[in-house]
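J.: Submitted below is the structure of interest, expressed as structure tokens.
The values are calculated or read from the model by the stated rules, or taken from the named source; none is laboratory data. On a predicted model such as this, the values are computed, not experimentally measured, just so you know. Note that we place each Cβ from the backbone using ideal geometry, even for glycine, and neighbour counts take in every protein chain shown.
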Amino acid sequence: MTQAPFPILYEDNHLLVVAKPPGLPVMGVPKEHSSLLTMAKQYVKQKYDKPGNVYLGIVSRLDAPVTGLLIIARTSKAAARLTEQFRSGSVNKLYWALVEGVPNPDAAACVGWVRKDERHRKMHTTHENHPEAKEARLSYRTLAQLPQATLLEVRLETGRKHQIRVQLSHRGHPILGDRKYGATTRFPEGIALHSRQIELVHPVRKTPLRLVAPLPKCWNQFGIEDDTW
């Protein structure tokens, strides 16, 4: 029996949904470095005894320090159909984040504009008329006020790079462990941002799928456990 290098949350002939661990890049790294994509290809190759190259298409990306749900297409048809769902905004994406401070109000929509800073490999908030501006939309609500942080549920409406990180930081509430965006509170592994739930339509069977990723164990240190939420 082939052992997966990370938890498999859903698997069939069309999809592979995994729980990404912290610190592992999804793709786009030199060959001598591990990535989730190369590890997933090796897993599929061994499990199904596939000759030659294995096709896998990353449909939803996560930053290296972020954990949680990652959707991978096993066929080009599934990849194209899923990509269209994400592009059209029909996919429901929920993240959990532990942030510094106490957001006021405790629930709000965040609509703004962001731009890339390639030199420093980060994003900045900007104004609508900047030539590189991209609209960024999300909403959040407070799930719990904890001694060391606030637990937020974030609904992502657009998929800009580092969007949740930069927008929450801009409001004065950086994500724990996220030094790149101003956090001063440490987090045990990666940063305290977790792709918690995704709802979409199966690309071939056309049935609704609701996928949930368990929280990393290190969240327990902040009094957050899966069986209590």
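J.: Give the number of residues within segment 164-218 that are assigned to a helix (DSSP H, G or I) and either surrounded by fewer than 22 Cβ atoms within 10 Å (Cβ to Cβ) or without any contact (Cβ under 8 Å) to a residue 40 or more places away in the chain (or both).
T.: Summing the residues that are assigned to a helix (DSSP H, G or I) and either surrounded by fewer than 22 Cβ atoms within 10 Å (Cβ to Cβ) or without any contact (Cβ under 8 Å) to a residue 40 or more places away in the chain (or both) in segment 164-218 gives 7.
J.: I've got another one for you. Any idea which of 61, 74 is basic (Lys, Arg) and out of contact with any Phe, Trp or Tyr (no Cβ under 9 Å at 6 or more places or on another chain)?
T.: Residue meeting the stated conditions: 61.
J.: Ok, one more. Taking segment 107-119, which residues are at pLDDT below 95 and either within 20 Å of residue 223 (Cα to Cα) or of a type in the set (Lys, Arg) (or both)?
T.: Scanning segment 107-119 gives 116, 119.
J.: Okay, next question. Name the single residue that is farthest from residue 192 (Cα to Cα) among those in segment 38-63 being modelled with pLDDT under 95 and small (Gly, Ala, Ser).
T.: 52
J.: Moving on. Here are 129, 104: which of them is in a loop (DSSP other than H, G, I, E, B), at pLDDT 95 or above, surrounded by fewer than 12 Cβ atoms within 10 Å (Cβ to Cβ) and more than 14 Å from the chain's Cα centre (by Cα)?
T.: Answer to the check: 104.
J.: Would you point out which residue out of 54, 29, 59, 99 is surrounded by 13 or more Cβ atoms within 10 Å (Cβ to Cβ), farther than 30 Å from residue 184 by Cβ, more than 12 Å from the chain's Cα centre (by Cα) and hydrophobic (A, V, I, L, M, F, W, C)?
T.: 54
J.: Quick check on residue 122: is it under 19 Å from the mean Cα position of the chain (by Cα), at pLDDT below 95 and under 26 Å from residue 219 (Cβ atoms)?
T.: Judged against the criteria, residue 122 is a match.
J.: Restricting to segment 74-96, give me the number of residues that are closer than 14 Å to residue 155 by Cα and in contact with a Ser or Thr (Cβ under 9 Å, 6 or more places away or on another chain).
T.: Total satisfying the criteria: 7.
J.: May I pose another question? Output the residues belonging to segment 1-57 that are in contact (Cβ under 8 Å) with a residue 60 or more places away in the chain and of a type in the set (A, V, I, L, M, F, W, C).
T.: Hits for segment 1-57 are 9, 15, 17, 19.
J.: Sort out which residues of segment 132-163 are in a strand (DSSP E or B), small (Gly, Ala, Ser) and in contact with a helix residue (DSSP H, G or I) (Cβ under 9 Å, 6 or more places away or on another chain), and write them in order of number.
T.: The one that is in a strand (DSSP E or B), small (Gly, Ala, Ser) and in contact with a helix residue (DSSP H, G or I) (Cβ under 9 Å, 6 or more places away or on another chain): 136.
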